[in-house]
Structures are given as C-alpha cells and as structure tokens.
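Q: I'd like to ask you about the structure that follows.
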Amino acid sequence: MVPRAPAHQTVMQTPVPHQHGVRRAFSLPARMQRMPAMPFSPVTSRVSFPEQEERILAFWKQHDVFKRSIEERPADNVFSFFEGPPTANGNPGIHHVLARVFKDLVPRYRTMRGYRVPRKGGWDTHGLPVELEVERSLGFSGKPDIEAYGVEAFNEKCRESVFKYVSEWERMTDRIGFWIDTEHAYVTYHPEYVESCWWIFKTLFEGDLMFRDFRVTPHCPRCQTSLSSHEIALGYKEDTPDPGVTLRFRLNASSGASDALRLDDGVPTSLLAWTTTPWTLSGNTALAVLPEATYALVERADAHLGRERVVVAEPRVAAAVADGEVIATLPGTALVGLRYEPLYESTTWDGIDPLMFVDGRTQKPKSAADLPARRVIASDHVTTDEGTGILHVAPAFGEDDYGMGRAEGLMFLQPVRLDGTLIGGPGDGLFAKVADPPITQDLRERGLLFRSETIRHTYPFCWRCDTPVLYYAKPSWYIRTTAVARDMVAGNQRIHWVPEHIKDGRFGEWLEGNIDWAVSRERYWGTPLPIWVCELCEHTEVIGAYDELFARARAGTADGVRKADGTVDAHRPFIDRVELDCPQCNGTMRRTPEVADAWFDSGAMPYAQFHYPFEQNEFMSRFPADFICEAVDQTRGWFYTLHALATLLNHTEDVPEAIAYRNVVCLGLILDGEGQKMSKSRGNVVDPWSVLNAHGADAIRWYMYTASPPGNSRRFSTDLVAETSRRFLSTLWNTYSFFVTYANSAGFDPSGAKPDASAYSELDRWIRSELHQTVRRVTDALEAYEPSEAARPIEAFVEQLSNWYVRRSRSRFRQGGADSNAAQHTLYECLVTVSKLLAPFTPFIAEELYRNLVAERVSGTADSVHLAMWPEVDEAAIDEQLSSDIALVQRMVSLGRAARAKAQTKVRQPLASAVLVPRTEAERGALTRLADQIAEELNVKAVEVITDPGDRLAYTIRPNLPVLGPRFGADVGKVRGALQGADAAAIVRAMRAGDPIEVGGFTLAPTDILVTVEASAGWAAQEESGYAALVDTTVTPELEAEGLAREIVRRLQDLRREAGLDVGDRIRVTYRAAEPVASALATHAASIAEDTLASSFEAVAEPAGEARSVEDVDGTEVVLALSRV
RNA sequence: GGGCCUGUAGCUCAGCGGUUAGAGCGGUCGGCUUAUAUCCGACUGGUCCCAGGUUCGAAUCCUGGCGGGCCUACCA
C-alpha cells in the first residue's frame, strides 16, 4: 500500500520547533489535503509483508524520513547513541540482525519522545581477524611470510579486505530497518580516527598512565608472534600429556634456616617443588610458599641417596612423600627468606642476560654482585591442594611468576629464545618441549629429581600450526588502568545495566580484578603506536598529532606518511621510517614497532568518531552516550575499553565525564535449534535473507523482542519467526483490514468530531481502558530499557482487540448511526495508537497503518509514524474496575463453554440458562450488569448470577492457605484436616451468613475457606479457582428447533461463500428437509431468510439453483439450493 | 579450574514463597466464522535437572551435585 503518494518533489520547509508536537515538514499534493470524503486505501486481508516492507523502504528513501527524524528534532535535546562498530570481514548472520534490531529500537522510541537521536555508523577495520583473513587468502602461515611479502603490500590487502563485505552489511542493515547513518560512518583506519587515537596515547603518556614493561604472553614459537586470548581459546587440547616432575631444592648451611629445620643434624635436606615444565627450570629464581600453611619436615630413606629430609606442605605429605615420617612441622612463614641451591648456575651461561626487578621494572644489574639471590618467598598464589605446596617460580615464563618477581624484586632469567629453543644447559639448542627429557635425565643423574611421572591436562596449542604455545615474557606497552581502577568501579555504579546482573557480576568483577592494559601488538595492520624512543639514551616521546609529527620528523623521513597529494597514511611501514632527533642526546629516535590492540580503537570511538579534539564539533553534546547495546561477549571487549578510556581521560581532565555510557543493554547470544552458538566455523549460521524474504523484517524483529529477555540466549529457527508473523502480525493486519473495509463503507471521517463520552458503549470504554493501560506499560518498560517487557503487553492488547472487541462489535460496524460511529472512533483510536506503539518495534507495519489511517487522511499530521510523537496515556480512559470486570466475564465465558463441552452441546444449540457463581458480592454485581454479553457468548436465553447455587451444586471446601499460613503456622495441617472432616454444606451456609466457623477447635472467618462446586443432575458445571459456571443441559423441542435453524443458517452461509457470492448479494433459497428439521425451518423461516439475505425461503420437492448441496444435519438429510436474485 | 547465566509439556517460553504449575506452537477430537492466513473449547502431554536443607507450605529461597551456554584461565 505504501507509498501511495505519487512521486513528486518534496518541499522542505523551515524547520519548526518541536516542543509539543511534530509539524508536518513537507507538503502533500493538493489532492491529498482536506478531502474528508476520500476513503482509506482499501486493505486486502491477504498481504505479503516482505513486499510491503520493500515499498515502505522506498517511501522512507524517497521522503528522506530517517534524516528528517533527526533533523526535525531540536538540536538542544540530544539523546546520544554510540554504534559499536562491527568488523565487516564476513557476511552478516542472523546473530548480527539481533544486535542491530535492538540497537534500532531505543533510538526510534526516543525520537518519538521528542529527542534528536543522531546515529553515526562505524566500522571496525583493524586487527588480527583482518590480518588472518588476508593471510589465509595469500596462503601464508605466519609472520615470516608477511615480512617476505612486504608490509606495505600486506597492509594494502588488509585495507581492501575490510570493505569486501561492507555492501552486504549495508544491504542487510537497510532491509531490517536499522536506521544508522552509514554514509558518514567512522572508519577506524581513517587518518582522522588514527590521529584522535594518537592524541589519547599522548594524553595518557603525559599523565603517567602509559609505560613499557615485560608482559607474559602466549607465544607461538613457530609463528613467532603473540596469540590473542581469542586465538588461545581456539587451541586448547584436553588430556595433553606432560611431564610432572618433583625436584629437590637443596638447603645448606648458608640457607639461613631456623632450628626447626634441624640442618645442624647433617642430614641432606631439600624443599620439594613440582612442575610440568622442566624447560623453565633454568629460569628458576625463587620458590614460593603459602605463609599461613603448615609445612612438614619429612624424613625418609632414599634408595640411591640414603637418609634425607624433605619439606612439603603438611596436607601434601601423603601424596608427595608416601614413604616418609614427619619429624617436625613449621609455619610457612618460617620458610620465607631461605636461600637454596639453584638447580642450574644459569646466570653464568653464555647468551643469558640476567636482569632484576627494581621498583616493579626489569633492569640490568649494575654488576653481577647486585643480582638478588634465589630465595623462598611468600605468595597467595600457592595452594596446598596440589603438588608439594611449594611453587617453582620462573618470572620469565608465567604470569603469576612474573607478578611475584615484580612484587618481590627477584632476579629475572630468560634462557629461551623467541623461537622456543633453549640457551645453555642440558637442553641447549633444543625446542623447549623437546628439551624436557634431557633436562629430567640430567636432574635424575645429579640426584635432584625426587619423582617423575606423566600427567594429563588441558594445554593450549597454536590454532594455526599446532605448535604448543609457550608463555613467555616479552616487552609490551601498558596503559595503567590500575591507577583508575577505583574510579572505574565507582563509575560502573552509575551505569544502568540490562540485565542488571552484569553490573556487579561479569563486568563488576572484571573491574575488581583489573590489571594494566597491555595495549601493544607485534602486528602490522593497526593503529601504529606513536611512541618514539632514542636509540642511545632511551628518551621516550609520544607524538599526539600529525602536525606535531611533521614538525619533529627528520627531513625526508615522513614523506611516506604525508603523500604527495597531501593525504596522510600513518600506517606501517611508512610510519616506521620516521626518525626524530633526540632532544637529550642528539641520538636517533625510532618508533616502537608495535601497533595498538584493535580494542583500543573501538574504545576510542566516542572521541575519534568526531576527530576530537582536533575538530570541535559534536563531541561535547554526544558524550557520554545515553544508550549502547551489544552482545554480552563485549563485556570485556568494547564495554570495557569504552569505560576504561573514559575514566582515564576524565582522570587527566580531558573529558567531562568518567563514564562513556549511561545505559547499556547486553544481548544474549543466538543459538541454533540444537542450542549451539552460531558461528561460521560450526557452519550453523542462519542466512538472514532466507528469513527476511520469507517473512519480512517485522516478523524477525518482533520475534527477537518477544522471544526472551534481551540478556538471555535464545534458540532461533525460521519456524518460530513464521509463527510470530501468523499469530501477531496477521491478527493485527486483519483487524486493520476489517476497520478500513467498514470505515470506508460508513464514510468514516477521522477528522470528524469525536463522539460524546456518553456515546461510547461499555465495550468501547473497556477497550480504551485496555489501550491506555497498554500505553502506560509499554512506556514504562521502554523507559527502563526492557524491550521484552514492552512488547508483550502490545501483543496481549492486539489479541484482546481482535478476539474480543472486534468480534463482539462486528454488527455495530455495519449498522451505522451514533453507536456505529462510536465503535469506529474507538477502533480507529486503538489502531492508530498501536501503530505508534509498534513503530520502534515493527517499523514497517506501523508505518503502513499510520500512513493510511492518519498521514494521508488527517491534515496537520506527520507524514511518517517515525516523525510522530509517542502516544500519551489518557488517564481518564483507564478504568481498572471495568478491565477486571471484563476479564471476569471472559473467564466466566470460558468456564461456561467448558461446561457446555462437558454436556456435549455445541454452542450453536441455544440453551435455556446459565448460572454463574463468582467469589464475591462485588463480582456478582459486575456479572449481573454484563449478563447480556455472557448470554450471547454462551448462547443461552438467560444468565443468573448467584453466590448460593442451592442444590444445583455439591460443595467441597478447602483451606485458604495464603491467609491461614501466616496466622496458624504449624497448625495449618490440623486446620486442613478438620476441614476435610467437616460438613461442607453447613460451613457454606455459615459462610453465607457471615458467621464465624468453628472447626476442630479453630475459629475461622469466611475468607479463610475456599469453596468448590460440582453440578447435580440436569446441569453441567465447570469450576476453577472458586469460580463456577453451570449450564442447564435440558434441550426442549423449541430450543432444538432454534438450534436446527441456526445450523441451516451456517450451512447456507457456507454455500453462499462457495458460490462466490458477495457479502451484499440477495438470494432466493429453496430446500427440502425431513422431520424434525422441516418443522424447525418452517417455524424459523423468517429469521433464516433475514440472516442469509434471502428474499424467499421455501420448501420444494426438488431444490435447484446456482448452488446446491445435500447436507446431513444430525442424521437428517437436508437439500439446499440458492440463486442470486 | 574460576566467574556469570541457564535447566519448567514434544518445541519456544511465562511463572520466581501460597489454593489444582501456565501460554503459544505441535498432535487428537469437537465447535465458531460472509474481517481473519483467524478464533473458541476439550483431550493429549510435566519425577518444574538431581539430592539435601529452610519453611505450616518450595518450580520459586539456601547448600551441594549434574547438564547446557558464555566469559575467563599455563593454579605449578
């Protein structure tokens, strides 16, 4: 249907202020203005949602609706949204659709609330995934291949690769109705973006928030590169066999041991330590014990060494030293500070460069004598659950070890090369894992091996080449996030998280355990670190702007960065050639070779997307974001880097807020039908287009919003989307189609005066009450960023609208007159309001309804629902009593139908009466008032509402536990027992009279007891939760005749439809029927004729006409024939 | 290994201290219907993952397991 407006030039008018509403900003063609007689465009009940959506997309484009939805809102009322940039190096899957539809929801809602919501897109273009994709396409297997190929050419390939899939992303984004400005999207490799990143680096460096240090990192010795945590996760192998060796670290007279260790006895005494990595032993510089643990001195006889004593944690004695005798125990603190004999004198080996920790940094010692001696240290990392309770510490090969080295000022030895080969000792020149056996053998021969075994554990391998990964200390640049860790924790408390548990759960705990951010990567395609270090004196300088770079660069060295045409490309390898003069020593300053972690780029987007601070533009009005939304896997990714950089830059007083976002919705992951995460590697990714083409974007969107709360993971299947479309969208569509059909035939004018309040029927007042309660619920939920909570009430309302309001009002729409007008106004209001409520959720169908019902019919209105204002709650329309009364009616009708089903009388068969039994007097009043509706629904002649059904019912009584529980506590059981034995009828009588009830020594009030009823003969009853409905099952001959007449009406209507007659066609009917049908038809001929628009209805011997059918009515043959008049 | 989430009908999910655990879909049967690709009813289908505990009362709260998901991790 949309767009129906003929193509024409839209005329932009001067923007108008929008404090209280939206003014139309372009003029409609003259023929569309003020033509109340013009009907709504006809709406077919059969609609292709996907095709309709394409038409609406075209309408939005033609009329620039997205852009206007921003620009028509006041510039001083900004709601800020940050787009977390997707990496466009693969085709988008349905899981990307999930994120994008949730991102779209809140901005659309806020726009309708009158905010200006700019939506700048972005692309994440740097990083390892891009490099790996290129490596794959070039058939590379590691860094040496890239170096040989040339960094310049390689990076050029990366740049091309990034946008290979962008058009696919844009096509998907557009089709699902995600409004985002891709035209002005930020791109992380653009020079302006990189320059902002540089500014941040410089700001942090000058604020003493950046430093260089060793970092222990997973390292693939074959590819000679660090592996990111993501890559490591790909390569874990279970049950990897490794050596498990227990070693003797000898104590001697100069160890400084206390008397407790009895070294004076002259018995050889050792500390025992266990490790799975013998190749790290030559890097040992300490042993760690748990100070609060108790250690045991164990004496034993060794087959080779004779009498000896060993020290292990007391709980480990049985496991580690099965054949010994504990001769003393001592606290862990008594071991701290002991010196021990090194396994290897590795400090003196060729090629080893011993370092030491000073003030937390590794340094060369002034002389060999300054090196700290190996000693026993205290550490919380030690456990007594495993090994010996004494830990071998090699700071060069373990993160914990490194931390201990730093904290304790230990020696630092790294006798392993980056290619994984050992320097010196028994394994000299061998690859680390290969060196384990010779090292073990050497220690065995020297009497230092206490025990050797093979253990199995989970160990990481390089996912590309299957080489075991080594953990290895390498120099790295850090951002000192620990300096602002408390600020980050405090800031987090000001962020509204959905779901809430992320705040103090996954995210909060991550912040609590914050460590400095290792931000450098030894890679190629990334933001180059703008750090230059003097070759001679190590003077370090950070460049924060291109102008600064060009001013400082030695002549000619920056030519590759600033191209001849004036553009800048600060990427490698050009930037690597830039040399600066050292201001301190006249040496040459060269750039540190690393690039930035790509997460740094994305965390910098609040600033870099606007080239802040180089351009003073939107940044200030956009920071911090009011809303961001990504999947939970971003908790330690984008959510963290955004937060960290904001807190850091606030710490340096360069940005005004310490948080980057105020509200964040974390989405769960999409799983496939089997509950597995969708990923390219598993091959279970659903192609969004297959679903979009079949069911459309609205169906997918509605499914995403309603399937489960945003934070839950959800299983996805096309069938579930199809169900959504059928159940929700079709119901709404048909209600809309119904309205348009009858409104047009009645000449309904939406601009016409609204009916007086008194003209509205009770049904009208009820649905309006429901409508405005729905508006309230939806608004509240959206204000709380709870999309699922917001969507469900709309679904429930549409269901009520279609299946109660419209169904019960159908005849009113046909009749005309004041009542008909009230019904039309009511349904119109409902549909228009629903279209606005739905606009953020299902923007296409909402637009279609709004365009046809409002924009094209009512002057002075916005021409798109997305430019309209959010509906206001009409508090006066809300009548909660009426809402609950109708809910009760619906419940009673449902009970009554169930009672009919028990009696096996179809609803078409009229019955004499129904008896309703509510729980309270107030309910009795309501049902009495609404008895007519119930009688119609149940097809009974009379409805009686009573609280005492007399002998039509038998009673059972039950204790009202929620009331009795708090009062009687443990006696509840006795009360229950007493009630079971009591005379139910007598108690019910007492309850009716309002008398206190004495039972088993307890005094109960009427409200303490619940009554259940059952029908007696001649009645059918259904009871639920204290409510009951009964129907009189007696079918008199009169009732039977009436039922037969209605049966014939239904069959004639079927015949009309089969014959292809129009709703208004008048007919002539002839029939032949045996008894008892014949008499029934004769009696009711007039009403049958009226219901079927028949001008004549006569019994003949041989019925004939345009359509004829032979029917079996309860065993009686009936022949029907009809012809158009 | 640790953290967080999650486990309810064949499927997707509500319910999160209170009477007989629900909805939609599916299946079977019946019914309504000239807005509907709809709708209504009945039937079918549940050791509310398991085991303890708290409580008068537990799907719901606590503890411990088990399964699934995500994140994280060389506990030597």
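Q: Residue pairs, Cβ under 8 Å, 6 or more apart or interchain, first in the range A:362-383 and assigned by TED's automatic domain parsing to the domain that holds A:Trp349, second part of a loop (DSSP other than H, G, I, E, B) and of a type in the set (S, T, N, Q). List them.
A: These pairs meet every condition: A:Pro372/A:Thr285; A:Arg374/A:Asn284; A:Arg374/A:Thr285.
Q: Could I ask something else about it? Checking A:Lys906 against (1) more than 8 Å from RNA strand B (Cβ to nearest atom); (2) of a type in the set (D, E, K, R); (3) at pLDDT below 80, only one condition comes out false. Which one?
A: Checking A:Lys906 against (1) more than 8 Å from RNA strand B (Cβ to nearest atom); (2) of a type in the set (D, E, K, R); (3) at pLDDT below 80, the one that fails is (1).
Q: Determine, yes or no, whether A:Arg792 is out of contact with any helix residue (DSSP H, G or I) (no Cβ under 6 Å at 6 or more places or on another chain) and within 29 Å of A:Leu98 (Cα to Cα).
A: Yes: the conditions hold for A:Arg792.
Q: Of the residues in the range A:1072-1108, how many are part of a loop (DSSP other than H, G, I, E, B) and more than 18 Å from A:Ser1123 (Cα to Cα)?
A: So in the range A:1072-1108, the residues part of a loop (DSSP other than H, G, I, E, B) come out as A:1074-1076, A:1092-1093, A:1100-1106.
Filter once more, so that each one left must be more than 18 Å from A:Ser1123 (Cα to Cα): A:1074-1076.
So the answer is 3.
Q: So A:Pro291 passes all but one of these: (1) more than 30 Å from A:Lys433 (Cα to Cα); (2) in contact with a Ser or Thr (Cβ under 9 Å, 6 or more places away or on another chain); (3) assigned to a strand (DSSP E or B); (4) not small (Gly, Ala, Ser). Which condition number does it fail?
A: (3)
Q: Separate question: Could you please give the count of residues in the range A:1110-1125 that are open to solvent by 20 Å² or more (accessible area, probe 1.4 Å) and under 10 Å from A:Tyr1071 (Cα atoms)?
A: Of the residues in the range A:1110-1125, 1 are open to solvent by 20 Å² or more (accessible area, probe 1.4 Å) and under 10 Å from A:Tyr1071 (Cα atoms).
Q: For residues that are open to solvent by 10 Å² or more (accessible area, probe 1.4 Å), farther than 26 Å from A:Leu782 by Cα and of a type in the set (A, V, I, L, M), tally how many sit in the range A:621-654.
A: 0
Q: Also: Within the range A:855-903, can you find the residues that are within 16 Å of RNA strand B (Cβ to nearest atom) and either polar (S, T, N, Q) or assigned to a loop (DSSP other than H, G, I, E, B) (or both)? Spell out how you get there, then give the answer.
A: Of the range A:855-903, the ones within 16 Å of RNA strand B (Cβ to nearest atom) are A:884, A:886-903.
Correct list: A:Ser884, A:Gln890, A:Ser894.
Q: Exactly one condition in (1) over 34 Å from the mean Cα position of the chain (by Cα); (2) of a type outside the set (Gly, Ala, Ser); (3) within 16 Å of RNA strand B (Cβ to nearest atom) is false for A:Leu234; which is it?
A: Every listed condition holds for A:Leu234 apart from (1).
Q: Also, I was wondering about something else. What about A:Gly398, is it closer than 23 Å to A:Arg248 by Cβ, within 6 Å of RNA strand B (Cβ to nearest atom) and not basic (Lys, Arg)? Spell out the reasoning first.
A: Numbers: closer than 23 Å to A:Arg248 by Cβ: yes; within 6 Å of RNA strand B (Cβ to nearest atom): yes; not basic (Lys, Arg): yes.
Judged against the criteria, A:Gly398 is a match.
Q: Let me ask you something else. Can you name every residue in the range A:978-1002 that is within 14 Å of RNA strand B (Cβ to nearest atom) and open to solvent by 40 Å² or more (accessible area, probe 1.4 Å)?
A: Passing the criteria: only A:Gln980.
Q: Search the range A:299-333 for residues being over 13 Å from A:Leu272 (Cβ atoms) and aliphatic (A, V, I, L, M), and hand back the single one that is surrounded by the most Cβ atoms within 10 Å (Cβ to Cβ).
A: The qualifying residue surrounded by the most Cβ atoms within 10 Å (Cβ to Cβ) is A:Leu330.
Q: Please list, ordered by first then second residue, the pairs with beta carbon atoms under 8 Å, 6 or more apart or interchain, first in the range A:554-577 and over 17 Å from A:Tyr193 (Cβ atoms), second of a type in the set (Lys, Arg) and assigned to a helix (DSSP H, G or I).
A: So the pair list comes out as A:Thr557/A:Arg577; A:Ala558/A:Arg577; A:Gly560/A:Arg577.
Q: Moving to a separate point now. Looking only at helices (runs of 4 or more DSSP H) that lie completely in the range A:115-185, which have at least 2 residues being charged (D, E, K, R) and within 34 Å of the chain's Cα centre (by Cα)?
A: Values: elements: A:128-138, A:143-149, A:151-162, A:166-175.
Passing ranges, in order: A:128-138, A:151-162, A:166-175.
Q: Select from the range A:1075-1085 the residues that are farther than 13 Å from A:Ile1048 by Cβ and at pLDDT 80 or above and list them in ascending order.
A: Selection gives nothing.
Q: Does A:His496 qualify as being over 30 Å from A:Lys143 (Cα atoms) and within 16 Å of RNA strand B (Cβ to nearest atom)?
A: no
Q: Filter the range A:701-724 down to the residues that are of a type in the set (Ser, Thr, Tyr) and over 17 Å from A:Arg792 (Cα atoms) and list them by number. Before the answer, list the steps.
A: So in the range A:701-724, the residues of a type in the set (Ser, Thr, Tyr) come out as A:703, A:705-706, A:708, A:713, A:717-718, A:724.
Passing the criteria: A:Ser713, A:Ser717, A:Thr718.
Q: With the requirement that a residue be more than 41 Å from the chain's Cα centre (by Cα) and under 15 Å from A:Leu853 (Cβ atoms), what does the range A:722-746 give you?
A: Passing the criteria: A:Tyr742, A:Ala743, A:Asn744, A:Ala746.
Q: Hey, could you check the range A:228-265 for residues that are in a helix (DSSP H, G or I) and among the charged types (D, E, K, R) and say which is modelled with the lowest pLDDT?
A: A:Glu231
Q: Mind listing whichever residues of the range A:266-314 are out of contact with any strand residue (DSSP E or B) (no Cβ under 8 Å at 6 or more places or on another chain) and modelled with pLDDT under 90?
A: Of everything in the range A:266-314, those that are out of contact with any strand residue (DSSP E or B) (no Cβ under 8 Å at 6 or more places or on another chain) and modelled with pLDDT under 90 turn out to be A:Gly266, A:Ala303, A:His304, A:Leu305.
Q: For the range A:811-820, give me each residue that is touching a residue at least 12 places away in the same chain (Cβ under 8 Å) and within 14 Å of RNA strand B (Cβ to nearest atom).
A: Within the range A:811-820, A:Arg812, A:Phe813, A:Arg814 qualify.
Q: Yes or no: A:Ser725 in contact with a Phe, Trp or Tyr (Cβ under 7 Å, 6 or more places away or on another chain) and not hydrophobic (A, V, I, L, M, F, W, C)?
A: yes
Residues checked against (1) under 30 Å from A:Ala823 (Cβ atoms); (2) more than 9 Å from RNA strand B (Cβ to nearest atom); (3) modelled with pLDDT of 90 or more:
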| position | (1), (2), (3) |
| --- | --- |
| A:Leu667 | no, yes, no |
| A:Pro710 | no, yes, no |
| A:Arg727 | yes, no, no |
| A:Asn744 | yes, yes, no |
| A:Asp749 | yes, yes, no |
| A:Lys754 | yes, yes, no |
| A:Ser758 | yes, yes, no |
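Q: Here's something else I'd like to know. Could you please let me know if A:Ala823 is closer than 27 Å to A:Pro755 by Cα and free of Cβ contacts under 8 Å to residues at least 24 places away in the same chain?
A: no
Q: Let me ask another. Can you name every residue in the range A:59-96 that is open to solvent by 50 Å² or more (accessible area, probe 1.4 Å) and in a helix (DSSP H, G or I)?
A: A:Lys61, A:Gln62, A:Lys67, A:Glu71, A:His95, A:His96, listed by residue number.
Q: Residue by residue through the range A:593-616, note down the ones that are closer than 19 Å to A:Trp477 by Cβ, at pLDDT 90 or above and open to solvent by 10 Å² or more (accessible area, probe 1.4 Å). Show your work before the answer.
A: Narrowing the range A:593-616 to residues closer than 19 Å to A:Trp477 by Cβ: A:593-604, A:608.
From what is left, the residues that are at pLDDT 90 or above are A:593-596, A:600-604, A:608.
Passing the criteria: A:Pro593, A:Glu594.
Q: Right, another one. Are any of the residues in the range A:447-457 in contact with a Lys or Arg (Cβ under 6 Å, 6 or more places away or on another chain) and either hydrophobic (A, V, I, L, M, F, W, C) or within 12 Å of RNA strand B (Cβ to nearest atom) (or both)? Break it down into steps so the answer makes sense when it comes.
A: Looking only at the range A:447-457, we keep the residues that are in contact with a Lys or Arg (Cβ under 6 Å, 6 or more places away or on another chain), and these are A:448, A:450.
This time we only want the ones that are either hydrophobic (A, V, I, L, M, F, W, C) or within 12 Å of RNA strand B (Cβ to nearest atom) (or both), so: A:448, A:450.
Scanning the range A:447-457 turns up at least one residue that is in contact with a Lys or Arg (Cβ under 6 Å, 6 or more places away or on another chain) and either hydrophobic (A, V, I, L, M, F, W, C) or within 12 Å of RNA strand B (Cβ to nearest atom) (or both).
Q: Could you give me the residue pairs with C-beta distances under 7 Å whose first residue belongs to the range A:68-94 and is assigned by TED's automatic domain parsing to the domain that holds A:Arg159, whose second residue is among the aliphatic types (A, V, I, L, M) and in a strand (DSSP E or B) wherever it lies, and which are 6+ apart or on separate chains?
A: Pairs found: A:Ser80/A:Ala625; A:Phe81/A:Ala625; A:Phe82/A:Ala625; A:Phe82/A:Ile628; A:Gly84/A:Ile628; A:Ile94/A:Ile670.
Q: Give the residue, chosen from A:Arg215, A:Arg222, that is modelled with pLDDT under 85 and part of a loop (DSSP other than H, G, I, E, B).
A: Of the residues listed, the single one that is modelled with pLDDT under 85 and part of a loop (DSSP other than H, G, I, E, B) is A:Arg222.
The values are calculated or read from the model by the stated rules, or taken from the named source; none is laboratory data. All values reported here derive from a predicted model rather than from experimental measurement. Here Cβ is always computed from backbone atoms with ideal geometry, including for glycine, and neighbour counts include all displayed protein chains. Just so you know, the surface numbers come from the protein's heavy atoms only, side chains and all, with ligands and any DNA or RNA stripped out. Shrake-Rupley method; radii C 1.70, N 1.55, O 1.52, S 1.80 Å.
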